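Some notes on the structure that comes next.
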Amino acid sequence: MDSHPVSAGLDIDRVRRDFPALGLEVHGHPLVYLDNAATTQKPEAVIEAISHYYRFDNANVHRGAHALSDRATTAFEQSREAVAAFLNSPHSRQIIWVRGVTEGVNLVAHSWGRSNLEEGDRVLLPYLEHHSDIVPWQMVCAATGATVEPIPILDSGDIDLDALDGMLDERVKLVALNHVSNAIGTVNPVRDIIRRAHAVGAKVLVDGAQAVAHWPVDVQALDCDFYTFSGHKLFGPTGIGVLWGREELLDAMPPFLGGGEMIERVSFEGTTFNSLPFKFEAGTPNIAGVIGLGAAVRYVNGLDRAGAAVHEASLLEYTLELAADIPGLTRVGAPLESVGIFSFLLEGCHPSDLGMLLDQQGIAVRTGHHCTQPLMDRYGVPGTARASYTIYNTRDDVDALFEGCLLYT
């Protein structure tokens, strides 16, 4: 069987060679890495960019009066420009460095939310949401008197748009949702939902953690108010991410953290704050992480992204074909549109046990509630096993997954 039937512009064998971890052995078996929704492996280009910074340019950014600081600052701000272009942001000052989606959502919740929410206001979130999208709004709503309300989903795992329409009114100040469900792969119709939310004056925050590695994202075309993603799910380093926001909203929001870099002038009589993006970037940043994320964006931009999307869709289609022949295997969620995420249960085998058993065969999957306990409650299950695909996975990986499952049926 040909394991790599993809667009001529996407050479899977070459792509796989770019990722050194894919050559590892685990418990005496070649690594089959199917945990990409949790974190992706890193290409040599990203590893080298981080190494180069620490070897040759290690210095703090923006204020140093020496060559190393100049080089570090140039690379740091070039990454900001690269991410701005990657999202089609009107300007790079709308790119705020954060540790990841969790911090991005917290920044919006505690800065915009505490400034704009009051008693009687409503925040809407689908049952699909990651805990990072839910908990910050619960915290801020508890402090402001606003309420968090769940948007129902259909059994398929798609948002119930009719129910959403019935919930939208002038008291809804924000709709927050993921672009793609990390647990079951649902691709949400975010542009349509944004249009509906804006019609009642609500702002929209989109969690793009599971989207940016799969297709180009254009924040202007989406017309969202905030968009956030984590670098480590885009072949970049951990501990670095991006919050994009409309400039007029970011300008009006107070700083989230106080300290160095985010100030214009400090005295004991008072402090004035820096301009965008720096007023949200207190303290020494994750310089190596930013540089690594810039390298990841450039790496992704060098791929045939249309071919990658075709390849990943073919892997999910192949997965569904094989899954139909596995006794006792049940897919959890069957959304109308999905990325390469397959969440499932195997009769007679707890998901955690299945994960450990597959690991003994060198197969890495994720098990548990995937930080989506409300979604698991909606389906009446404690958790699932989850295989998630990206550009370097092949049909051989899918074969290995189901051969491993067959050992335990």
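Things worth noting here:
- Checking each residue in segment 354-380 for being in a loop (DSSP other than H, G, I, E, B) and either open to solvent by less than 20 Å² (accessible area, probe 1.4 Å) or among the small types (G, A, S) (or both) picks out G362, H370, T372, G380.
- Among the residues of segment 81-101, those identified as touching a Gly at 6+ places or on another chain (Cβ under 8 Å) and either in a helix (DSSP H, G or I) or acidic (D, E) (or both) are A82, V83, Q94, V101.
- For segment 107-140, a tally of residues being open to solvent by 30 Å² or more (accessible area, probe 1.4 Å) and within 16 Å of the chain's Cα centre (by Cα) returns 2.
- Only residues that are within 23 Å of the chain's Cα centre (by Cα) and open to solvent by 10 Å² or more (accessible area, probe 1.4 Å) were counted in segment 162-178, giving 0.
- For segment 236-349, the helices (runs of 4 or more DSSP H) that sit wholly inside it and include 1 or more residues that are open to solvent by 10 Å² or more (accessible area, probe 1.4 Å), more than 21 Å from L107 (Cβ to Cβ) and in contact with a Phe, Trp or Tyr (Cβ under 6 Å, 6 or more places away or on another chain) are 287-301, 305-323.
- Per-region count, segment 130-182, residues in a loop (DSSP other than H, G, I, E, B) and touching a Pro at 6+ places or on another chain (Cβ under 7 Å): 4
- Residues that are part of a loop (DSSP other than H, G, I, E, B) and among the hydrophobic types (A, V, I, L, M, F, W, C) were ranked within segment 108-129; the one that is farthest from E247 (Cα to Cα) is L128.
- In segment 16-34, the residues that are over 21 Å from E48 (Cβ atoms) and touching a residue at least 12 places away in the same chain (Cβ under 8 Å) form Cβ pairs under 6 Å with partners that are surrounded by fewer than 17 Cβ atoms within 10 Å (Cβ to Cβ) and not hydrophobic (A, V, I, L, M, F, W, C), at six or more places apart or across chains, as follows: H27/Q360.
The values are calculated or read from the model by the stated rules, or taken from the named source; none is laboratory data. Note that the structure is predicted; figures quoted are calculated from it, not measured. No Cβ is skipped: glycine too gets one built from the backbone with ideal geometry, and neighbour counts run over all protein chains shown. For the accessible areas, the whole protein counts, side chains as well, though only heavy atoms, and no ligand, DNA or RNA atoms are used. Shrake-Rupley method; radii C 1.70, N 1.55, O 1.52, S 1.80 Å.
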